[in-house]
Amino acid sequence: MEFLRMFSGDLINGIILGAVYGLMTMGLSLIFGVLKVVNVGHGAFIMVGAFIAYWMFTLFGLPPLLSAILALIVGIALGFFFYYVVMKWLLEAPELSTLLATFAIGIFLAEVAKAVWGPDYRGYSWNVGSLNLGVTTIPMAKVYALLSSIVIAVALYLWFKKTRAGNALRGVVEDKEGARVCGINVEGYYALSFAIGIGLTVMSGVFITLFVPVGINPYMGEVYTIKAFVIAVLGGLASPWGAFFGGFIFGLVENGSYAILGLIPGVEPFSLTQCLAFAILLVLLLLKPEGLLGKK
Amino acid sequence: MKGGKVKLVLIALVTACMVFPFSFSAMAALPGKVVIGGPISLSGKFAKEGQQSVWGIKAMEKWVNATLGGVKIKGKKIPVAYKYYDDESKKEVVTNLMERLITKDKVKFTLAPYSSGLTLAAAPIVEKYGVLYNSHGGASNRIFEQGFSFIVQTLSPASEYQTGPLEMIKKIDPSAKRVAFLFQDNEFARAVAKGAEAKAKKLGFKVVFNRTYPKSARDLTPVLTELKNAKADILIGGGHFADGQLLAKQLDDMGINLKLVSILVAPTLPNFYQALGTMAESYMAPGQWGIGAKYSPAAAKKEGIPYFGPTQKEFMKYFLKESKGVKPDYHGAEAAAAFLAYVKAIDAANSLDPKVVRKVMNKLHFMTFFGDWKIDPKTGMQIAHKMVVLQWQGKKLQIVWPPAAQTSKPFYPMLTIKQRKAGKLAIVK
């Protein structure tokens, strides 16, 4: 009985963590899907979002949910800026050039953040109560992070499927030359998708602080970059929806397997949860190399 | 043309990335000075601790030159100089920079970088070249179990970190028997855990929970759910700053009330309170040092050992000038003490030969504002410096243990989550 209580509590927490992981990865997948650019500086943009949430809350008392809108706007602006200043000139260059460029952008952002805000670890407390589910108690901030992530993922899905711009973007992904022949401004959509990708990533930084509202510092992005890559590959590198589902699976395995692994005597379950998550990734890639929702 | 633009953009980016970190590194090495130096983290995950260390060392460099005129070798006073490079908190960079400091900059008295992992990484390099290596941020006992002969330690070893809270609880509440350990899985925390476990067993505590969490963990909920079921009185744990802060936050989120929680590193820094507000009240942490620690010329006299270096008041003055008003935490103080230890040892040895200075170090026992300094001659490990236990009380970080160093009595048991949420402060009556 105690085991079941722990297990179900871990699963619930895994779902919430997974939703944030999923949202965090969608931007990475979107950029790769459209531009075929692997954004190695992904984590630095998450850091920018986390700092936006922190400063807006501590300076103006702005709730993180409202900061998310600001973060989206700042992220889109940063996306356009880096696209036109850097990425546009490298799209036809060898893949290593874009890899190096995004890596450099990541370091640049982290160092600028350090120069402006210092190396301190920061954090804030947005106390909005908690939800007692019997098997576990969840802070409402995490519930908001879960709901917001789902709403954003669905909104992005609808934008892609139901709007003219979304259809055009899908056309660019399918066949760049064909889209150009049809009169679609391919370069414009490249810029737009990069900007939206970065916007989503910066916004996810705000939601990450609803989950982990402490430890905000210029170098916090590194661990998220690694996780986002794993989740993106799990979901199908070019598929934002795959990334979202991949995030759920990763979160569920990472948290949900703890109670089961804890039954094995003499092992550290928390170390094995990560190992298990990567093992599942390997098995899935062997069975479906293109990832969960990726296309061959 | 397009290829040219590509090159231009890449060159601009790489230049921008190189200019930022290096703009914060000092490059000065003047001839005719005794150069003490080492790699230190000014960027990356240890940037905060590294920055404190640099401020502490620079403060002592200024104090030594202004007050003593430098080190005295064969009757001649030679100014001291501190040389450092940013190691980006990376092992591979640390080893390269240490090699550079020794071979190009000719540094014979090196200061270890921050953290046990980085200290251990550079140890074989200094051993190879036979230069001295003083650890001020590498506490793991394993560093000193490798048979290195040129390494010495200024801070207390990791095995001593969490023994203070256990000694304290044994004294003030013998009925609190159930202890839980929850540490991050890293070099430093593993050594702390080993020392704490041995101490707990020796003092007769019952270890009801003993787990670790990985460095990359961003949600400790599963392990805390298990901890909740263990019904412990005391929690001893942590790793570094970010995870320690997360541990405190999630303990409260999950409604886990304990009589005492002592977490490594995180509660020792003001940002812990800034982030958690009154939820930080009554959290404890082991510290190498705290403002108000009672190490003074009078205390040294009482102990029968010499006092060396500035008083705490003087240290604060020099430090605050370097940091432009940011108060020192123990990372700044321990680095400053390591620098002072070199000055004291070179003076005593009357030589700049690392082998001679190392031999003299074996016989030294003195006190600075940071506390006692004495090493085990065989391993170089620190054996005289005492840890303190710090606690957040009424928005201030107080030294609560050992009694000789107390700035306030311990607030025990710690406030409940409900009390802290209501804004109650841990004030000792």
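The values are calculated or read from the model by the stated rules, or taken from the named source; none is laboratory data. Just so we're clear, the structure is a prediction, and the values are computed from it rather than from any experiment. A quick note on method: Cβ atoms are made from the backbone with ideal geometry, for glycine too, and the neighbour counts reach across all protein chains shown.
Let's see how each residue does on (1) assigned to a strand (DSSP E or B); (2) surrounded by 24 or more Cβ atoms within 10 Å (Cβ to Cβ):
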| site | (1), (2) |
| --- | --- |
| B:Gly56 | no, yes |
| B:Glu61 | no, no |
| B:Ala66 | no, no |
| B:Lys83 | yes, no |
| B:Thr110 | yes, yes |
| B:Gly117 | no, no |
| B:Phe148 | no, no |
| B:Val152 | yes, yes |
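Of all residues in segment A:110-124, how many are within 10 Å of another protein chain (Cβ to nearest Cβ) and either surrounded by fewer than 17 Cβ atoms within 10 Å (Cβ to Cβ) or within 24 Å of B:Asp87 (Cβ to Cβ) (or both)? Reasoning before the result, please.
In the first step, residues of segment A:110-124 are kept if they are within 10 Å of another protein chain (Cβ to nearest Cβ); the result is A:110-112, A:114-115, A:118-124.
When the remaining residues are screened for being either surrounded by fewer than 17 Cβ atoms within 10 Å (Cβ to Cβ) or within 24 Å of B:Asp87 (Cβ to Cβ) (or both), the result is A:110-112, A:114-115, A:118-122.
Total satisfying the criteria: 10.
Working carefully through the options A:Leu133, A:Leu30, find the one that is more than 22 Å from the chain's Cα centre (by Cα), at pLDDT below 95, closer than 30 Å to A:Ile12 by Cα and more than 11 Å from chain B (Cβ to nearest Cβ).
Numbers: A:Leu30 fails: more than 22 Å from the chain's Cα centre (by Cα).
Within the list A:Leu133, A:Leu30, the selection yields A:Leu133.
Could you please tell me which pairs satisfy a Cβ distance under 6 Å, a separation of 6+ or placement on different chains, a first residue in segment B:230-259 that is of a type in the set (Asp, Glu), and a second residue that is in a strand (DSSP E or B)?
Pairs found: B:Asp233/B:Arg178; B:Asp243/B:Gln184; B:Asp253/A:Pro139.
For B:Phe209, work out the one condition from (1) closer than 28 Å to A:Ile16 by Cα; (2) in contact (Cβ under 8 Å) with a residue 60 or more places away in the chain; (3) buried (at least 19 other Cβ atoms within 10 Å of the Cβ); (4) aromatic (Phe, Trp, Tyr) it doesn't fulfil.
(2)
If I filter segment A:78-94 down to residues being in a helix (DSSP H, G or I) and without any contact (Cβ under 8 Å) to a residue 40 or more places away in the chain, which single residue comes out as surrounded by the most Cβ atoms within 10 Å (Cβ to Cβ)?
First, the residues of segment A:78-94 that are in a helix (DSSP H, G or I): A:78-85, A:87-89.
Cutting the leftovers down to without any contact (Cβ under 8 Å) to a residue 40 or more places away in the chain gives us A:81, A:85, A:89.
Details: A:Phe81: 12, A:Val85: 13, A:Trp89: 20.
Among those that are in a helix (DSSP H, G or I) and without any contact (Cβ under 8 Å) to a residue 40 or more places away in the chain, it is A:Trp89.
Considering (1) crowded, with 21+ Cβ neighbours inside 10 Å; (2) in a helix (DSSP H, G or I); (3) at pLDDT below 95, say which one A:Leu99 fails and leave the rest.
(1)
Within segment B:285-312, can you find the residues that are of a type in the set (A, V, I, L, M) and under 16 Å from the mean Cα position of the chain (by Cα)?
The first filter runs over segment B:285-312 and keeps only residues of a type in the set (A, V, I, L, M), leaving B:285, B:291, B:293, B:298-300, B:305.
B:Ala285, B:Ile291, B:Ala293, listed by residue number.
Going residue by residue through segment B:27-36, is there one that turns out to be modelled with pLDDT under 85 and within 14 Å of chain A (Cβ to nearest Cβ)?
no
Report those helices (runs of 4 or more DSSP H) wholly inside segment B:206-294 carrying at least 1 residues which are within 23 Å of A:Ser257 (Cβ to Cβ) and among the polar types (S, T, N, Q). Spell out the reasoning first.
On the way: elements: B:221-230, B:241-253, B:270-276.
Once the helices (runs of 4 or more DSSP H) in segment B:206-294 are filtered for at least 1 residues that are within 23 Å of A:Ser257 (Cβ to Cβ) and among the polar types (S, T, N, Q), what remains is B:221-230, B:241-253.
Could you run through segment B:260-278 and say how many residues are without any contact (Cβ under 8 Å) to a residue 60 or more places away in the chain and touching a Pro at 6+ places or on another chain (Cβ under 7 Å)?
So the answer is 0.
Please name all residue pairs, on different chains or six or more residues apart, with Cβ atoms under 7 Å, provided the first residue is in segment A:229-242 and is on the phi > 0 side of the Ramachandran plot and the second residue is surrounded by fewer than 23 Cβ atoms within 10 Å (Cβ to Cβ) and not in a helix (DSSP H, G or I).
Correct list of pairs: A:Gly236/A:Glu290; A:Gly236/A:Leu292; A:Gly236/A:Leu293; A:Gly236/A:Gly294.
Out of B:Asn134, B:Asn186, B:Asn229, B:Asn210, I need the residue that is within 28 Å of B:Gly371 (Cβ to Cβ) and within 14 Å of another protein chain (Cβ to nearest Cβ). Which one? So that I can check it myself, show each step before the final result.
Numbers: B:Asn134 fails: within 14 Å of another protein chain (Cβ to nearest Cβ); B:Asn229 fails: within 28 Å of B:Gly371 (Cβ to Cβ); B:Asn210 fails: within 28 Å of B:Gly371 (Cβ to Cβ).
Selected residue: B:Asn186, the only one of B:Asn134, B:Asn186, B:Asn229, B:Asn210 that is within 28 Å of B:Gly371 (Cβ to Cβ) and within 14 Å of another protein chain (Cβ to nearest Cβ).
Any residue in segment A:60-71 that is over 30 Å from A:Gly262 (Cβ atoms), surrounded by 17 or more Cβ atoms within 10 Å (Cβ to Cβ) and not aliphatic (A, V, I, L, M)?
yes
Scanning segment A:125-135 for residues that are aliphatic (A, V, I, L, M) and assigned to a loop (DSSP other than H, G, I, E, B), which turns out surrounded by the fewest Cβ atoms within 10 Å (Cβ to Cβ)?
A:Leu133
Can you pull out the residues in segment A:160-187 that are surrounded by 14 or more Cβ atoms within 10 Å (Cβ to Cβ) and within 18 Å of A:Phe244 (Cβ to Cβ)?
A:Phe160, A:Gly166, A:Leu169, A:Arg170, A:Val173
Please determine whether any residue of segment A:189-196 is of a type outside the set (Asp, Glu), out of contact with any His (no Cβ under 8 Å at 6 or more places or on another chain), closer than 20 Å to A:Ala68 by Cβ and within 14 Å of chain B (Cβ to nearest Cβ).
Within segment A:189-196, not a single residue is of a type outside the set (Asp, Glu), out of contact with any His (no Cβ under 8 Å at 6 or more places or on another chain), closer than 20 Å to A:Ala68 by Cβ and within 14 Å of chain B (Cβ to nearest Cβ).
Only helices (runs of 4 or more DSSP H) wholly contained in segment A:205-296 count here; list those with 3 or more residues that are more than 12 Å from chain B (Cβ to nearest Cβ), more than 23 Å from A:Val74 (Cβ to Cβ) and not hydroxyl-bearing (Ser, Thr, Tyr). Quick ask: steps written out before the conclusion?
On the way: elements: A:221-235, A:240-256, A:258-261, A:269-287.
Hits in segment A:205-296: A:221-235, A:240-256, A:269-287.
Mind checking whether some residue in segment B:282-302 is over 23 Å from B:Trp401 (Cβ atoms), touching a strand residue (DSSP E or B) at 6+ places or on another chain (Cβ under 8 Å) and away from chain A (no Cβ under 14 Å)?
Yes - at least one qualifying residue is present in segment B:282-302.
Would you pick out the residues in segment A:254-270 that are crowded, with 21+ Cβ neighbours inside 10 Å and hydrophobic (A, V, I, L, M, F, W, C)?
A:Ala259, A:Phe270, listed by residue number.
One line per residue, one yes/no per condition, for (1) farther than 29 Å from A:Ile216 by Cα; (2) hydroxyl-bearing (Ser, Thr, Tyr); (3) in contact (Cβ under 8 Å) with a residue 24 or more places away in the chain:
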| site | (1), (2), (3) |
| --- | --- |
| B:Ala285 | no, no, yes |
| B:Trp289 | no, no, yes |
| B:Thr311 | yes, yes, yes |
| B:Phe315 | yes, no, yes |
| B:Glu334 | no, no, yes |
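Here's a check for you: in segment A:136-158, which residue that is within 10 Å of another protein chain (Cβ to nearest Cβ) and assigned to a helix (DSSP H, G or I) is surrounded by the most Cβ atoms within 10 Å (Cβ to Cβ)?
Step one: filter segment A:136-158 for residues within 10 Å of another protein chain (Cβ to nearest Cβ), giving A:136-139, A:141-142.
From what is left, the residues that are assigned to a helix (DSSP H, G or I) are A:141-142.
Values: A:Ala141: 22, A:Lys142: 24.
Applying the filter and picking the extreme gives A:Lys142.
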